[in-house]
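Notes for the one structure printed next.
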């Protein structure tokens, strides 16, 4: 990910609107911090850290996939994915569907 992509990603995550002139000073500070974060967290990594960053990106992507779930269930699913690398939400949906079909 390059600097521009990182800033765009973080702006979306934090809901930053650069055209909101009332928050201009605050947004400037936040975006400047994005640059520092990028150089400190992404470019200064050791090979072992790169694997951790890749895992974190995958976990964030999975969080977006299961966004509609209850927060407690969502965290449970993320913990399973983080530990085992398995998408459990699909299996749960199938199990619930199978149970529903058997009981009806």
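Each value in this text was obtained by applying a stated rule to the coordinates, not by laboratory testing. Here the structure is a predicted model, which is why all the values come from computation and not from measurement.
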Sorted from largest to smallest, which semi-axis lengths in Å does the alpha carbon gyration tensor of segment 1-94 give for its equivalent ellipsoid, taking the root of 5 times each eigenvalue? 30, 20, 9
Can you give me the orientation-averaged projected area of the convex hull built on the Cα atoms of segment 1-44, in nm²? 2.9
